[in-house]
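A short reminder: the numbers here are calculations on the coordinates, not readings from a lab. If you're wondering where the values come from, they're calculated on a predicted model, not measured in any experiment. Ideal geometry is used to build each Cβ from the backbone, glycine not excepted, and the neighbour counts take in all protein chains shown.
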Amino acid sequence: MNHATITPTDNGPYLVQGTVTLLDAEGNAYEVTDTIALCRCGLSATKPYCDGSHEKTYFKAVNRAPTSSTRVSPGRRHPIRSVTASTLAV
């Protein structure tokens, strides 16, 4: 069984570590090493790989796994958050 870890880095690429097969839209395989960085800002000249363009464009994306206070319940599209009178004030 292949095991890979994909980590969205803060304000940067997806870091893929482990054995993976990376295919283009036609099913052709890219050559990959044990660790690759995949673009997620959309501006890399070497897509699907990251070329550092996110640093010049101020790409911002900080992702964290959901916790019990931000987990989305079935049938809902937004995280569950507690509502207080102060959060409703306009």
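The slack between Glu31 and Thr19, meaning 0.36 nm per residue of separation minus the straight C-alpha distance, is 3.2 nm. For Tyr49, the residues 5 or more places off, or on other chains, whose built amide H falls under 5 Å of its own are Cys39.
Take 25-35, 49-59 and order them by the average number of nearby Cβ atoms within 10 Å per residue, most first; the result is 49-59, 25-35.
Couplings 3J(HN,Hα) for segment 50-61, derived from phi with the Karplus relation 6.51 cos²θ - 1.76 cosθ + 1.60 (θ = phi - 60°), are 7, 10, x, 4, 4, 5, 8, 10, 6, 4, 10, 6 Hz, where x marks Gly and Pro.
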